[in-house]
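Each value in this text was obtained by applying a stated rule to the coordinates, not by laboratory testing. On a predicted model such as this, the values are computed, not experimentally measured, just so you know. Please note: Cβ atoms are built from the backbone with ideal geometry, for glycine as well, and neighbour counts cover all protein chains shown.
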Amino acid sequence: MTAYVYMLRCSDGSLYVGSTRDLATRLHQHQIGLGANYTRERLPVELVWHEEYENVGLAFSREKQVQNWGRAKRLALIDRDYESLPVLAKKDFGRPGQPSG
């Protein structure tokens, strides 16, 4: 069964990542305050990115991956700036001049 991973931009500018089998219904739930506690306190929300997967397991794995990303990497994903993703993934380990991921 098809599933989705998605990202919402909340009213405070923060980004929320989730997954679902029914993207339209889940987006509506978020928009009317019946979604996650996080988004309820940051309405309105806007869908800014999503990907489709063939099953819930794959979507959930991708959700967890994107949730672990920093803001810069999430913004690059929203902008479809795929070339920047590897650079943004590198950890700086305290080295000056390296972006953190």
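Per-structure values
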| read-out | value |
| --- | --- |
| Residue order, fewest to most beta carbons within 10 Å, for Met7, Met1 | Met1, Met7 |
| Under the span-like rule (Cα at least 15 Å along the axis, Kyte-Doolittle mean at least -0.5), DSSP H helices of the chain | 56-67 |
| Filtered trypsin sites (Lys or Arg not before Pro), the range 26-76: DSSP coil and at most 13 other beta carbons within 10 Å | none |
| For the chain: relative contact order, % (alpha-carbon pairs under 8 angstrom, 6 or more apart) | 27 |
| Rounded to the nearest 20 debye, dipole of the chain from Cβ charges on Lys, Arg, Asp, Glu | 340 |
| Two-site FRET efficiency, Gln29 against Glu54, from Cβ-Cβ distance with R₀ of 25 Å, rounded to 0.05 | 0.60 |
